[in-house]
Amino acid sequence: MDKKESKVLERVTIRFAGDSGDGMQLTGMQFTSTTAQEGHELVTLPDYPAEIRAPAGTLFGVSGFQIQIGSTEIHTPGDQPDVLVAMNPAALKVNLKLVRRGGILIINSDAFQGRNLTLAGYETNPLEDGSLAGYQVFPVQITTLTRKALEGLKLSVKEKDRSKNFFALGMTFWLFSHPLEPTINWIKQKFKNKPEIVEANIRALNAGYNYALSTELFQTSYRVEKAKKKPGKYRNMTGNEAVALGFIAAAKKANKELFLGSYPITPASEILHELAKYRNYDVKTFQAEDEIAGIGSALGASYAGALGITTTSGPGVALKTEFLGFAVMAELPLVVVNVQRGGPSTGLPTKTEQADLLQALYGRNGEAPIPIIAAKSPADCFDAALEASRIALMFSTPVFLLMDGYIANGSEPWLIRDPQTIPEIKIHYATDPKNFLPYKRDPKTLARMIAVPGMAGFEHHIGGLEKDETGNVAYDPDNHDHMVRLRAEKVERIGEYIEQPKIDGDPEGELLVISWGSTFGTVFTALEEIRKKGKKVSWIHLRWIYPFPKMLDNYIHNFKKILIPEINLGQMVKVIRERYLVDAKGFNRVRGLPLVTQEVVEAIEKTLED
């Protein structure tokens, strides 16, 4: 032990991979939880198949969890893993191409035989044929050693094998100098009614740690120093958890009940699960029979005076379309969360994409403008939910909040906000029944007068037919033209009440990079590398996509070239070209994964050279 070396790393990327039944997501989350408690910066990327239990040993059944940890600020889960823990041949086959050359491969050698090799498409054993030359390979009999550690427990072989992920986790904890206690405490709590499982998992965890400590196979462990963060109390949160808390905070600040009407759909379902835990905070959750009922119930709750929200993904938005138009016409506050995934149709349910932008902008009949805000990171989902709710209530309008699978399931440390620092959300209700006109508008915001139903003197019609200022149905052509223009102008005026993004870099020059949503972290990291090379590039990250921030008018024509990286085939490029008449170029990948930093770096450099 004394001869073993310990190295300090600034950043490291680790990927756990195995069958979808190997517990890789749990393993990754436990490693993440301990990493967060150790005070490191981190960003995670859960990457798993849509099937709950795909056929064991197959390539499409591989489940992965990637985490980058660091002692300095980081914004992505890492391009190339430095360490891959592969529980079977399929996991190695799928993930080897991602691993940095020279990286560490910790492999469950027990699984590299017979049928498993065939299912993964290996004609020869990669542990024996020399194909892994160039990597640091650590073959470990994880299955055998786990069973040995669990000898004497009254568990079947199948049940014992379920603990092998904890053996792998124990090895990884030793490799990165992490303590075991947080996971041991979690195991005791999680399986408190199953003492045999508690004993098995703790034994496997300790066995993995002690194996790595004592074997001559591992001669070096690594340590990442604590990150220097802004003082305060942090917790690790996924985007779905953060957006749920953001809505609760918004409802409290608006002095309203929170109502979520939703139909389960990957990757948005966790928001429903999360909010269901907070019934003591005036939160009501309703799992509807379909997407249409989900948004309909949320609109009804909004009309009755609550903060109404509905959550879904692209296919669900398609089903909600009619009610979206109704919300625009009735001018009711509503927040629609779209956690984007690979499409079209059911597409890639568990993978990420940014391909619903045009759907959010234009996917309705008639002139039906809906403001759109996009969250940039898991932690930012909290503030995006707050902001979307503020605008929805202030302007009495539906608002789209765009997230995607990457930031919804990914996590990072979040500085817990002091509730006193969050501004109140003020709502101006109608107070004079004698002069109440339901479509009389605030002269500044153009928001219509809001009256909670059931109050004497404030009775009025509500529905999808066109109205005049009195709230009565009106088919008059000029009135319709007037109301259509008012609703459009109301959304445009939101631009005067939102925080303007700051340009990062010079206000004019050769190249302006524009990004939105979850590409924030990748573009941030890519520009760090570009600027280290002495190259000048400016950057604007858009939080509000509709309406665009007014500052964009001031800068977009000051640059010779504009580059927009997106996880789609160029949807924002289309919008920017149409709005500003500039020759914007796109960098586009639709692989169901976040953009790769190095590819964005190369795209920026190529744009500068052209």
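A few comments on the model shown:
- Surface composition of the chain: carbon and sulfur make up 52 percent of the accessible area, probe 1.4 Å.
- Amide proton proximity set for residue 54, modelled H, under 5 Å, gap of 5+: 20
- Solvent-accessible area per residue for the chain (1.4 angstrom probe, square angstrom): 43 Å²
- Total lysine pairs under 17 Å (Cα atoms) in the range 509-609, excluding pairs fewer than 8 apart on one chain: 15
- Using a simple spin-label model with pseudo-atoms 7 Å out from Cα toward Cβ, residue 115 and residue 151 lie 2.7 nm apart.
- Tail beyond 39 Å, pair distance distribution of the chain (Cα, percent): 35 percent
- Sum of side-chain charges, residue 448 neighbourhood, beta-carbon under 11 Å (Lys, Arg +1; Asp, Glu -1): +2
- Between the helical axis of 520-532 and the longest alpha-carbon principal axis of the chain there is an angle of about 70 degrees.
- Note on residue 284: aspartates and glutamates with a C-alpha under 19 Å away, same-chain residues under 8 apart excluded, are 241, 257, 270, 274.
- Estimated at the nearest 10 Å², the accessible area of residue 508 is 120 Å² with a 1.4 Å probe.
- Summed residue charge, Cβ within 9 Å of residue 397's Cβ, Lys/Arg positive, Asp/Glu negative: +1
- Normalised contact order of the range 6-224, rounded percent, pairs of Cα under 8 Å and 6 or more residues apart: 22 percent
- Gyration tensor (alpha-carbon) shape descriptor, the range 1-58, a/c threshold 1.5: prolate
- Trypsin sites (Lys or Arg not before Pro) lying in DSSP loop within the range 221-271, provided at most 11 other Cβ fall within 10 Å: 226, 228, 233
- Within the range 194-224: backbone nitrogen closer than 13 Å to the residue 6 label point (7 Å, Cα to C-beta): 220-224
- Local electrostatic count at residue 131 - Lys and Arg +1, Asp and Glu -1, tallied over other residues with Cβ under 14 Å: 0
- With Cα atoms as the point set, the range 6-224 shows a radius of gyration and Dmax of 16.3, 47 Å.
- Between the Cα long axis of helix 380-395 and the first principal axis of the chain there is an angle of about 10°, rounded to the nearest 10.
- Note on the chain: helix-only mean residue ellipticity at 222 nm, from DSSP H runs of 4+ residues weighted -39500 (n - 2.57) and normalised by residue number, equals -11000 deg cm²/dmol.
- Averaging the sequence gap over all C-alpha pairs within less than 8 Å and six or more residues apart, then dividing by the number of residues, gives the chain a relative contact order of 12 percent.
- A simple spin-label model places pseudo-atoms 7 Å from Cα toward Cβ; at residue 80 and residue 560 they are separated by 3.2 nm.
- Once the Cα atoms are used to define both axes, helix 291-303 deviates from the longest principal axis of the chain by about 50 degrees.
The values are calculated or read from the model by the stated rules, or taken from the named source; none is laboratory data. Keep in mind that this is a model prediction, so the values were computed, not measured. Here the Cβ is made from the backbone with ideal geometry for all residues, glycine too, and neighbour counts use every protein chain on show. We work out accessible area using only protein heavy atoms, side chains counted, and drop any ligands, DNA or RNA first. Shrake-Rupley method; radii C 1.70, N 1.55, O 1.52, S 1.80 Å.
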